1. Explain nothing, just the number: relative contact order of the stretch 105-246, from Cα pairs under 8 Å at least 6 residues apart, as a whole percent.
2. Tell me the net charge near residue 84. Cut-off is 12 Å between Cβ atoms, residue 84 excluded, with +1 for each Lys or Arg and -1 for each Asp or Glu.
3. Test of understanding: what is the full-extension gain from residue 106 to residue 227, defined as 0.36 nm times their sequence separation minus their Cα-Cα distance?
4. Could you work out how much longer the chain between residue 95 and residue 119 gets when fully extended? Use 0.36 nm per residue separation minus the Cα distance between them, nm to one decimal.
5. Considering only DSSP beta bridges with both partners in the stretch 83-183, what is the antiparallel share in %, to the nearest 5?
6. Rank these residues by their accessible area, most exposed first, probe 1.4 Å: 100, 7.
7. Stretched out fully, how many nm does the piece from residue 211 to residue 158 gain, at 0.36 nm a residue minus the Cα gap?
8. For residue 253 paired with residue 9, estimate the spin-label separation in nm (one decimal), with each label point 7 Å from Cα along the Cα-to-Cβ line.
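The values are calculated or read from the model by the stated rules, or taken from the named source; none is laboratory data. Since the model is a prediction, treat every value here as computed from it, not as a measurement. Every residue, glycine as well, gets a Cβ built from its backbone with ideal geometry; the counts of neighbours run over all protein chains shown. Ligands, DNA and RNA are excluded from the accessible area calculation, which covers all protein heavy atoms including side chains. Shrake-Rupley method; radii C 1.70, N 1.55, O 1.52, S 1.80 Å.
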Amino acid sequence: MTTFCVMKLLCQATRNENRYAKRFFSTLLTQTPQKRVFSPFWIAVPDPRKSTVFGLTQPFCTAEKSHTEPKRKAFGSIGRRIPHRILHIINQDGESLGNMHRAEALKLMDQHDLKLVLLRENVEPPVYRLMTGQQIHEEQLKRAEKKKASPKAGMVQKELSFSSAIAKNDLETKTKQIAQWIEKKYHVKVTIRQAKDGNTDMFMIFDQILETVSEKATYLSKPKVTREGVSTCILRHMSDKELKAYQKTEKQKNSTVKKDENEDLKSSELHQ
């Protein structure tokens, strides 16, 4: 009789424990979609017919894993970690060497003490180029300059184009137009075409324009030859910091000029 009572109490205790365990875990799994990670832990499952059984639960997470986009690789040497098996190789002079296995490309890289740079990945096979450290540096500078010169989202860019044989009055009119655009904090792209049979220094015209609007503007992209007979530059409004530095420099310059003039005046008075 005593054994029967003990068995009955054990069964009742087991049912209660199972009910409480179900409530506990159902509460955890039905909480708000907030990221919760549970570490592994041991639980005991009582069973009156068997000895106590222990089991190791696996860690689980109630939130989905975040999928972040891979960062875009910067231009430069990729070292020896090449995910592609077959590559199309271009040498340091820009000539195609055809398709080859990555092991062969790495051997070629070591033999000539060059670096391997990924040019185009979305083609089959992907295109790699063997380059010197200097070539990589120059290409990085070109890309940075191009990125800097490209207008930002929401930025207005105006354009002016004229011949190097432009008349003085017309150049003054265009410079006034540039000054108005700069005042509105627009970027201004200026393109100068070399006049036929002309030998005017186009870079001197760029400097002349900048000097006229120097109190407001500076170069975003310095004057450069884009193709034969055509040069271009991009002007922008100076930042507050640049304006303060410019005004300080001009003040020091004027102070020096005034000081020199006073010394010259005193010297001339002494000689009289």
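1. 19 percent
2. +2
3. Net length gain for the segment: 39.9 nm.
4. 7.3 nm
5. 75 percent
6. Accessible-area ranking of 100, 7, largest first: 7, 100.
7. 17.2 nm
8. 10.1 nm
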